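This report concerns only the one structure given below.
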Amino acid sequence: QQQQQQQEQDEKKLNAQYPDNCDRRSWGRKYPHRTFDYIFFGGGTACGYAAQEFVKQGLKPGQLAIISREAVPSYERFFLTNEFLKGAKINDHFTCSAENGQIQDPDWYRRHGIQLILQTEIIFIDGVTRNLESSSGEIFKARKGLVIATGSMVMRLTIVDMPSNIFKAEIKRAKEQAQKENYEYLSKLDSQFDEKSAKLLKRASYRETGGGGSVGIEISGIASSNSSPEFEEFRMSEKKPILSQENEIVMLSQESERATSFRELDKDYRKYCENPYYLRNYADACHLKQTIDYFLTLAPELRKCIVIGGGYIGLECASSLASSGIQVTLIVRSGRLAKGILTTEMSAMYERYYTSRGVTIFKNSPAKEIVRVNDMVGGCRLEDGRLIEGNFILVGLGSRPASELLNGQLAMKEFPNGKAIWVDGSLQTSIQGVYAIGDVISLPFHMYGQSQLEHALNARRSGEHVARVLSGKISVYDYHPCIFGQFFDLKWKMWGDNGTPRYITVGNLESKFLTLWIWENRIQGAFLQGGTIEDENKLVRATKEQTKVSMKKLKLLRNVDEVLYQIQFV
């Protein structure tokens, strides 16, 4: 209601600037304030690569304007979850630094006559006339082409307030229950094995996993979880096994009391812990980085962060936080990590690696809400009722296309995470002269039909393509799916389609490993970690051409190089 009232007040202020017999939108159609040949609305990675391609195509000064709500020019957005949180500066990561090393800072745009209109909120778009209206009442018009590059918006959780005494009681109850379950589990082991074997097993499992995770054995050339299902869920959240239930509960209760007292006394704490964090843009990353630096000055028991989401963003953020010295608890909705990207075996490998690096993982634990105590974040409540304590929370539940301003004007395609803008082969929308690029679009894949792909490489290629189209070089956007990422110090890439049920995996995390998705003896998709440029180029071609291979021969191999050697092109 407050937001609606504020919008109505803003509407009245804007309409007051125009004659009584003319509303501001019809006035803007007749008398636009600022006019350009081309306007890019969004300012993300796609806009930076489009600007570079426009310059290559002979863009004249004053033809192009980029409107963005951010305070900085286009940058490589993927670096926010890795290098930036570890101390890197944005000046080294403006587009297009990731591919050709060229830094497009504000001076670069000035030299090429490109108008940067930053910190500007667009509240209305008229697709037919290609007019845009800002929150300050300024009207912009694109004469030849309007490009929508609004990207995506983060998924958010609800926040509930809880009295301090109830919060403390629930946290104590949750820890007592965890202690009880762990004690019962260890007692079960003692009943199954003789006392000496059980002690050796407990000691070996703790030493092997570094305090978190299960013992692994080698299966089909890769590290896999122990064949006993009882071992799969065994996790140690402390630096030593919890064997003495009564003494440990007293210690944990005292630790919680010290942390709660510090929250109430420290003045700076409230500034960093009023709300959960969402990581989508540079401003979000700056705030999160300041929080990390603040918590690193505190005692170890206060450096507790909950990362909600076991997908691509959640895993990258968890690795960056843990590498910085923060105690990370990862809340995963499904039964394994990165379910949309990794196979079951791959998820198990990365799970053991994360737990060995000190990350505590809760699987099959959908987050229900964020609990705030005394106007400060205190923890996260799961769907099953459990309350997990944390000093600050980072939510990485995924994103949805930011297409609301065009809803009802442009053709959309419905996806589970929202509506994406439909585009044809030239990236033009259902309105002539209006184009869309990046995360907000539904892509016309030649092999997979209309699909959505939210990742940096698609943003780069679609930005370059639309710049060529607007420069008169009409062609069909033929993008080959590719995503890449980094979990701690492990860098990986994936190409093609990972939706086929048949696949093989070879290698290990310590050196390099490869997964191939195969259908009817043809390669559909590939995942490679730790490979060379030659390996990557070969897999790009293999997935694009859907190279034919022998599944029987590949199953006999245990080395990545041997598998790659079997991929032969006609």
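The values are calculated or read from the model by the stated rules, or taken from the named source; none is laboratory data. Computed from a predicted structure; not experimentally measured. Glycine gets a Cβ as well: all are built from the backbone with ideal geometry, and neighbour counts include every protein chain shown. For accessibility, only protein heavy atoms count, side chains too; no ligands or nucleic acids. Shrake-Rupley method; radii C 1.70, N 1.55, O 1.52, S 1.80 Å.
Remark: pairs (first residue in the stretch 33-50, among the acidic types (Asp, Glu); second residue in a loop (DSSP other than H, G, I, E, B); Cβ separation under 7 Å; 6+ apart in sequence or on different chains) = Asp37/Gln63. Only one of the listed residues (Lys493, Lys553) is more than 19 Å from Ala348 (Cα to Cα) and basic (Lys, Arg). That residue is Lys553.
State whether the residues of the stretch 389-400 include one that is within 26 Å of Ala51 (Cα to Cα), at pLDDT 90 or above, out of contact with any strand residue (DSSP E or B) (no Cβ under 6 Å at 6 or more places or on another chain) and open to solvent by 60 Å² or more (accessible area, probe 1.4 Å). Scanning the stretch 389-400, I find no residue that is within 26 Å of Ala51 (Cα to Cα), at pLDDT 90 or above, out of contact with any strand residue (DSSP E or B) (no Cβ under 6 Å at 6 or more places or on another chain) and open to solvent by 60 Å² or more (accessible area, probe 1.4 Å), so the answer is no. In this structure, Asp535 qualifies as crowded, with 18+ Cβ neighbours inside 10 Å and farther than 18 Å from Glu345 by Cα. Set side by side, the residues Ser475, Ser442 differ, and just one is among the small types (Gly, Ala, Ser), in contact (Cβ under 8 Å) with a residue 12 or more places away in the chain and open to solvent by less than 40 Å² (accessible area, probe 1.4 Å), which is Ser442.
The residue that is farthest from Lys289 (Cα to Cα), counting only those in the stretch 73-97 that are among the hydroxyl-bearing types (Ser, Thr, Tyr) and touching a residue at least 40 places away in the same chain (Cβ under 8 Å), is Thr95.
Residues in the stretch 556-570 that are assigned to a helix (DSSP H, G or I) and open to solvent by 30 Å² or more (accessible area, probe 1.4 Å): Asp561, Glu562, Tyr565, Gln566. When we screen Ile393, Ile331, Ile361, Ile341 for residues that are within 19 Å of the chain's Cα centre (by Cα) and closer than 30 Å to Ile148 by Cα, the only hit is Ile341. Between Gln63, Gln3, the distinction of being at pLDDT 95 or above, open to solvent by 20 Å² or more (accessible area, probe 1.4 Å) and out of contact with any Ser or Thr (no Cβ under 8 Å at 6 or more places or on another chain) belongs to Gln63 only.
When the residues of the stretch 130-173 are filtered to those that are in a strand (DSSP E or B) and acidic (Asp, Glu), the one that is nearest to the chain's Cα centre (by Cα) is Asp161. Answer with yes or no whether Gln546 is at pLDDT below 95, under 22 Å from Gly340 (Cβ atoms) and not charged (D, E, K, R). Yes; evaluated as a whole, the condition is true for this residue.
Check the stretch 499-511 and report whether any residue there is within 30 Å of Tyr565 (Cα to Cα), touching a residue at least 60 places away in the same chain (Cβ under 8 Å) and open to solvent by 50 Å² or more (accessible area, probe 1.4 Å).
yes
The set of residues from the stretch 528-555 being in a helix (DSSP H, G or I), out of contact with any Lys or Arg (no Cβ under 9 Å at 6 or more places or on another chain) and farther than 15 Å from Asp497 by Cα comprises Ile533, Glu534, Asn537, Lys538, Lys552, Lys553, Leu554, Lys555.
Annotation note: of Ala338, Ala348, Ala318, the sole residue that is at pLDDT 95 or above, among the small types (Gly, Ala, Ser), in contact with a helix residue (DSSP H, G or I) (Cβ under 9 Å, 6 or more places away or on another chain) and surrounded by 20 or more Cβ atoms within 10 Å (Cβ to Cβ) is Ala318.
Among Ile483, Ile518, Ile474, which is closer than 30 Å to Ala420 by Cα and part of a loop (DSSP other than H, G, I, E, B)? Residue meeting the stated conditions: Ile474.
Would you pick out the residues in the stretch 358-376 that are out of contact with any Phe, Trp or Tyr (no Cβ under 6 Å at 6 or more places or on another chain), within 20 Å of Lys304 (Cβ to Cβ) and either β-branched (Val, Ile, Thr) or not in a strand (DSSP E or B) (or both)? Answer for the stretch 358-376, where residues must be out of contact with any Phe, Trp or Tyr (no Cβ under 6 Å at 6 or more places or on another chain), within 20 Å of Lys304 (Cβ to Cβ) and either β-branched (Val, Ile, Thr) or not in a strand (DSSP E or B) (or both): Gly358, Val359, Thr360, Ile361, Lys363, Ser365, Ile370, Val371, Asn374, Asp375.
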